[in-house]
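**Student:** The structure follows.
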Amino acid sequence: MTGKLYLCGTPIGNLEDITLRVIKVLKEADLIAAEDTRQTLKLLNHIGIKKPMISYHEHNRFERGKQLIDKLKQGLDIALVTDAGMPGISDPGEDIVKSCIDEGIEVIPVPGATASITALVVSGFSTDKFVFEGFLPRENRERKIRINSLKNETRTTILYEAPHRIKSTLKELYLKLGNRRVAICRELTKKFEQIYRITLFEASTMYDDCKPRGEYVIVLEGKPMEEVISEQRERWDDISISEHISMYVNQGMSKKDAMKRAAKDRGISKREVYRLSLDEQGNENRT
């Protein structure tokens, strides 16, 4: 009989946040696959559990993932844990989950805390719609592209950042996104937890005179939809209706679809776009 993979959420800082169900699963599992066995050992000692462990992390995920699949096929139940939070969120847990699904192995979530959602609910920003971006790319070009993609994001945005990059990241976000409101959550649920609800301008200078420590979650307030629409319309005011339509036609759209898209961009009817384009053509003919 094939074993089951249990995705066990562990505390993100305060060990008392572990759930009764996670404790039960850790006790009953045949094996615990841990991102860092030393870190997980502290948790197991705290709750009084002795269990065989095996490492599963970013640097051994391919080879170790195959080994875990083999053990599951042999009938072993495996509890997968990360250093903090839910496996699969900004860690290689998603790879083993995909492999299990491909192999027809049952995957069972055992929920626990996640830093992203914890930071979101305490930020004071909208929780109706949000986007999780994880860690920004380290490579400079990809990083710039990702940050630029957030310029007109109207949803609340959640980012993770390491202490050695938090200072430069906050400065980049301010330069690219302007003085948006932000919640900077440091060491959530731990002894030295700090939550700063400030502007990106204030955030961009907060570590100029002190060294950042701990793990960070950055929560950005979404850009107001009214601002996005206003800026887009200002952009379209700089080109004629005919140029606007031609832009989409050159991208491969039919003229009908291009007119429809131009109408949507400008917040006017398709009939009005058609009329204005005819007026522009008439003016060009007269000149």
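**Student:** What about G85, is it crowded, with 19+ Cβ neighbours inside 10 Å, at positive phi and in contact with a Gly (Cβ under 9 Å, 6 or more places away or on another chain)? I'd like the intermediate steps shown before the answer.
**Tutor:** On the way: crowded, with 19+ Cβ neighbours inside 10 Å: yes; at positive phi: yes; in contact with a Gly (Cβ under 9 Å, 6 or more places away or on another chain): yes.
So G85 fits the description; yes.
**Student:** Let me ask another. Which of the residues spanning the stretch 83-107 are in a loop (DSSP other than H, G, I, E, B) and closer than 24 Å to N14 by Cα?
**Tutor:** D83, A84, M86, P87, G88, I89, S90, D91, P92, listed by residue number.
**Student:** So for the stretch 35-45 (the condition being part of a loop (DSSP other than H, G, I, E, B) and either without any contact (Cβ under 8 Å) to a residue 12 or more places away in the chain or within 19 Å of G112 (Cα to Cα) (or both)), does at least one residue qualify?
**Tutor:** Looking through the stretch 35-45, at least one residue is part of a loop (DSSP other than H, G, I, E, B) and either without any contact (Cβ under 8 Å) to a residue 12 or more places away in the chain or within 19 Å of G112 (Cα to Cα) (or both).
**Student:** Mind checking which residues of the stretch 30-82 are buried (at least 19 other Cβ atoms within 10 Å of the Cβ) and of a type in the set (F, W, Y)?
**Tutor:** If the condition is that a residue be buried (at least 19 other Cβ atoms within 10 Å of the Cβ) and of a type in the set (F, W, Y), then Y56 is the only one that fits.
Table: residues versus (1) buried (at least 16 other Cβ atoms within 10 Å of the Cβ); (2) in the same structural domain as V121 (by TED's automatic domain parsing).
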{"site": "I195", "(1), (2)": "yes, yes"}
{"site": "P212", "(1), (2)": "yes, yes"}
{"site": "V219", "(1), (2)": "yes, yes"}
{"site": "I241", "(1), (2)": "yes, no"}
{"site": "K256", "(1), (2)": "no, no"}
{"site": "M259", "(1), (2)": "yes, no"}
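**Student:** Looking only at the stretch 24-60, which residues are over 16 Å from P87 (Cα atoms) and in contact with a helix residue (DSSP H, G or I) (Cβ under 6 Å, 6 or more places away or on another chain)?
**Tutor:** If the condition is that a residue be over 16 Å from P87 (Cα atoms) and in contact with a helix residue (DSSP H, G or I) (Cβ under 6 Å, 6 or more places away or on another chain), then H46, I47, I49 are the ones that fit.
**Student:** Looking at the stretch 248-261, can you tell me whether even one residue there is touching a residue at least 40 places away in the same chain (Cβ under 8 Å) and either out of contact with any Asp or Glu (no Cβ under 9 Å at 6 or more places or on another chain) or polar (S, T, N, Q) (or both)?
**Tutor:** First, the residues of the stretch 248-261 that are touching a residue at least 40 places away in the same chain (Cβ under 8 Å): none.
Looking for residues that are touching a residue at least 40 places away in the same chain (Cβ under 8 Å) and either out of contact with any Asp or Glu (no Cβ under 9 Å at 6 or more places or on another chain) or polar (S, T, N, Q) (or both), one finds none in the stretch 248-261, hence no.
**Student:** Still on this model: Could you grab me the full set of residues in the stretch 1-23 that are within 14 Å of V81 (Cβ to Cβ) and in a helix (DSSP H, G or I)? Can you show your working first?
**Tutor:** Taking the stretch 1-23 first, the residues within 14 Å of V81 (Cβ to Cβ) are 5-12, 15, 17-19, 21-23.
Passing the criteria: L15, D17, R21, V22, I23.
**Student:** Going residue by residue through the stretch 224-235, is there one that turns out to be touching a residue at least 24 places away in the same chain (Cβ under 8 Å), within 26 Å of G13 (Cα to Cα), out of contact with any helix residue (DSSP H, G or I) (no Cβ under 6 Å at 6 or more places or on another chain) and not in a loop (DSSP other than H, G, I, E, B)?
**Tutor:** no
**Student:** Shifting gears a bit: Could you check how many residues of the stretch 182-217 are outside any loop (DSSP other than H, G, I, E, B), in contact with a strand residue (DSSP E or B) (Cβ under 9 Å, 6 or more places away or on another chain) and either of a type in the set (G, A, S) or within 24 Å of T10 (Cβ to Cβ) (or both)?
**Tutor:** 9
**Student:** Pull out all pairs, ordered by first then second residue, where Cβ-Cβ is under 6 Å, the residues are six or more apart or on different chains, the first lies in the stretch 195-214 and is closer than 13 Å to N179 by Cα, and the second is among the polar types (S, T, N, Q).
**Tutor:** From the stretch 195-214, the pairs are T199/N179; L200/N179; F201/N179.
**Student:** Being surrounded by fewer than 16 Cβ atoms within 10 Å (Cβ to Cβ), farther than 18 Å from T199 by Cβ and in contact with a Gly (Cβ under 7 Å, 6 or more places away or on another chain), is that true of even one residue in the stretch 140-150?
**Tutor:** Looking through the stretch 140-150, none of the residues is surrounded by fewer than 16 Cβ atoms within 10 Å (Cβ to Cβ), farther than 18 Å from T199 by Cβ and in contact with a Gly (Cβ under 7 Å, 6 or more places away or on another chain).
**Student:** Restricting attention to helices (runs of 4 or more DSSP H) lying wholly within the stretch 108-181, give those where 3 or more residues are closer than 30 Å to I96 by Cβ and in contact (Cβ under 8 Å) with a residue 12 or more places away in the chain.
**Tutor:** 115-123, 163-177
**Student:** Which of the residues that make up the stretch 112-127 are more than 16 Å from the chain's Cα centre (by Cα) and surrounded by fewer than 18 Cβ atoms within 10 Å (Cβ to Cβ)?
**Tutor:** Answer for the stretch 112-127, where residues must be more than 16 Å from the chain's Cα centre (by Cα) and surrounded by fewer than 18 Cβ atoms within 10 Å (Cβ to Cβ): V122, G124.
The values are calculated or read from the model by the stated rules, or taken from the named source; none is laboratory data. Model, not experiment: these values are computed from the prediction. Ideal geometry is used to build each Cβ from the backbone, glycine not excepted, and the neighbour counts take in all protein chains shown.
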